[in-house]
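Novice: There's a structure below that I have some questions on.
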Amino acid sequence: MIKKKKHSFAFKLHCVRQMSEQYRSAKSLSEEYGITNSLFKDWLSVYQHQGVPGLLSRKGKRVFSSQFKLSVLTAIHKDYNPVLSPA
């Protein structure tokens with residue numbers, strides 16, 4: 001199994017700013033750094049939706065409340081059982 005390489009926050013921010021402010025393409029960055037262009041596109045999308053904090057690495061396991069988990073399961077159940085959903 002291949003271990004994924006982790007890129008620093010500073011590197012991600014540098015690349016995203018090159019794409020958004022200097023109009024560099026993901027393809028040109030891919031060729032320059034030897035990283036797949038889809039990764040640059042993912043970083044840009046996260047940056048556009050979540051801003052700078054979205055580029056920070058998440059450490060540790062994410063914890064969700066029981067209420068949140070129940071609401072997700074209820075929504076999934078309604079989506080897959082349209083007869084049970086109110087009209």
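Novice: Anything in the range 34-59 that is farther than 15 Å from PHE9 by Cβ, part of a loop (DSSP other than H, G, I, E, B) and out of contact with any Lys or Arg (no Cβ under 9 Å at 6 or more places or on another chain)? List them, or say none.
Specialist: Passing the criteria: GLY34, THR36.
Novice: List pairs: first residue in the range 6-33 and among the aromatic types (Phe, Trp, Tyr), second residue surrounded by 16 or more Cβ atoms within 10 Å (Cβ to Cβ) anywhere in the structure, Cβ distance under 7 angstrom, at least six positions apart or on different chains.
Specialist: That search, which allows pairs on different chains as well, returns PHE9/LEU55.
Novice: Only one residue in ARG24, ARG17 is in a helix (DSSP H, G or I) and either touching a Ser or Thr at 6+ places or on another chain (Cβ under 6 Å) or among the basic types (Lys, Arg) (or both), so which one is that?
Specialist: On the way: ARG24 fails: in a helix (DSSP H, G or I).
Among ARG24, ARG17, only ARG17 is in a helix (DSSP H, G or I) and either touching a Ser or Thr at 6+ places or on another chain (Cβ under 6 Å) or among the basic types (Lys, Arg) (or both).
Novice: Given the conditions (1) at pLDDT 90 or above; (2) in contact with a Lys or Arg (Cβ under 8 Å, 6 or more places away or on another chain), which single one is not true for ARG17?
Specialist: Going through the list (1) at pLDDT 90 or above; (2) in contact with a Lys or Arg (Cβ under 8 Å, 6 or more places away or on another chain), ARG17 breaks only (2).
Novice: So, in the range 21-33, of the ones that are of a type outside the set (Asp, Glu) and within 13 Å of PHE11 (Cβ to Cβ), which residue ends up surrounded by the fewest Cβ atoms within 10 Å (Cβ to Cβ)?
Specialist: Going through the range 21-33, the residues of a type outside the set (Asp, Glu) turn out to be 22-30, 33.
Pick out the ones that are also within 13 Å of PHE11 (Cβ to Cβ) and you get 29, 33.
Working: LEU29: 22, TYR33: 14.
Within the range 21-33, the match that is surrounded by the fewest Cβ atoms within 10 Å (Cβ to Cβ) is TYR33.
Novice: Let me ask something else. Quick one: what pairs do we get from the range 51-75, first residue surrounded by fewer than 10 Cβ atoms within 10 Å (Cβ to Cβ), second at pLDDT 90 or above, C-beta under 8 Å, 6+ apart or different chains?
Specialist: Listed pairs, sorted by first residue: SER57/PHE9.
The values are calculated or read from the model by the stated rules, or taken from the named source; none is laboratory data. Everything numeric in this text was worked out from a predicted model, so none of it was measured. Using ideal geometry, Cβ is built from the backbone for each residue, glycine included, and neighbour counts are taken over all protein chains shown.
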